[in-house]
1. Which of rounded, prolate or oblate describes the chain when judged by the alpha-carbon gyration tensor and an a/c cut-off of 1.5?
2. What number, in percent, do you get for the relative contact order of region 31-115 if the mean sequence gap of Cα pairs under 8 Å and at least 6 apart is divided by its residue count?
3. Using amide H atoms built in the peptide plane, which far-off residues or other-chain residues are under 5 Å from Leu296 H to H?
4. Out of all DSSP beta bridges in the chain, what portion is antiparallel? Express it as a percent rounded to 5.
5. Nearest 5 is fine: what % of DSSP beta bridges in region 7-87 come out antiparallel, could you say?
6. Rounded if a/c is under 1.5, else prolate if a/b is larger than b/c, else oblate: which is region 248-301, with a ≥ b ≥ c the root eigenvalues of its Cα gyration tensor?
7. Assuming R0 = 35 Å, can you tell me the calculated FRET efficiency for the pair Gln207 and Ile167, based on Cβ-Cβ distance, to the nearest 0.05?
8. Check cross-link reach from Lys291 to the lysines: straight Cα distance under 23 Å, and skip same-chain residues fewer than eight apart.
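All of the numbers you see were taken from the coordinates with simple rules; none came from a lab. Quick caveat, the model's predicted, so the values are computed rather than measured. Neighbour counts run over all protein chains shown; Cβ positions are idealised from the backbone, glycine included.
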Amino acid sequence: MKFWTEADKLRDKLNLHARGELYSNYSLMPISWFRVGGCAEILFVPKDEEDLKYFLSRKPEGIPITIIGGASNLLIRDYGIPGIVIILGKAFNYINLIEDKRINIGASVPNKKISNFALKNNLQGFSFLNTIPGTLGGSIKMNAGAYGSEIKDILYSTKFIDTSGNIKKKSIADIKYKYRTTDISDKMICVSSILEGGFAGKDDIKQEIEKFKFLRNTTQPIKERTGGSTFKNTENKKAWELIRDAECDKLAIGGAMISQRHSNFIINKGNASAYDIELLGETIIERVKKKTGIKLEWEIKRMGLGPEVTL
């Protein structure tokens with residue numbers, strides 16, 4: 001595992017501007033759903049929104065900033081992430097009803113918690129979130145979705161702090177949303193959002209949640225070490241169909257393999273490296289393109305440094 005030799009010095013310098021928790025050479029492997037990856041040079045968990053704002057406004061120039069949410073749809077490379085990694089902790093884990101159909105939610109609230117809160121308040125439109133791992137902040141950034149619904153369908157407005165410490169508020173009209181992507185810059189950190197649904201009977205909402213949970217539990221490898229759907233679906237075909245048609249559905253490299261339950265899921269059999277997983281993904285992309293002429297796009301976000309992946 002790679003360690004950052006100047007990390008302690010950088011932590012001591014940054015500690016002058018932080019009330020929250022600061023760590024040097026912090027292993028990110030335990031929080032990764034794949035259970036792979038190296039260290040964050042610096043990990044910062046802000047005490048609250050003002051702490052985050054002040055810290056970002058005082059940090060030295062030129063230090064890269066990386067934000068991590070639930071680390072579910074994420075591949076952290078083996079050499080780790082340079083600079084400052086920020087994880088929003090319990091200070092951003094709040095949820096409250098502000099109007100009849102609107103909920104104000106902190107960015108570190110798990111998607112499942114949002115769905116359950118909506119159920120208690122007879123709000124429809126949130127059921128799909130019950131099946132999506134991760135937290136609200138990441139879902140806003142990537143336009144998370146499932147079963148025909150996306151976060152953009154229920155987003156009213158969102159609040160960001162940029163990497164210079166400035167607050168930015170955006171309505172849904174200010175953000176360009178596409179399938180599993182947005183135009184939100186990596187320099188913008190989502191700290192909270194207001195979501196808006198409609199009214200429905202509690203029994204109807206509960207029935208919808210149970211339907212989605214059944215579909216997920218019976219078709220996806222939810223008990224494996226995985227990062228969720230590996231590739232985005234294309235306009236005309238599902239990613240898993242393209243993987244199957246290219247005869248990649250039984251492919252394995254090192255400790256990484258294609259799930260036998262769902263071929264658009266790569267799983268860590270227990271001894272995989274991030275390199276194994278990324279190499280397997282790139283191999284699938286090449287084989288699918290050669291067989292079908294279609295180039296798959298990663299849905300999993302890859303970040304950090306690691307061995308160069310070459311085919």
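1. Working: a/c = 1.88, a/b = 1.05, b/c = 1.79.
Verdict is oblate for the chain.
2. That works out to 36 percent.
3. Lys289
4. On the way: 42 of 53 bridges.
Of all bridge pairs located within the chain, approximately 80 percent are antiparallel.
5. Details: 6 of 14 bridges.
Percentage antiparallel, nearest 5: 45.
6. Working: a/c = 1.89, a/b = 1.62, b/c = 1.17.
Note, shape of region 248-301 comes out prolate.
7. Numbers: r = 40 Å, r/R0 = 1.14.
The pair Gln207/Ile167 has a calculated efficiency of 0.30.
8. Lys232, Lys237, Lys238, Lys250
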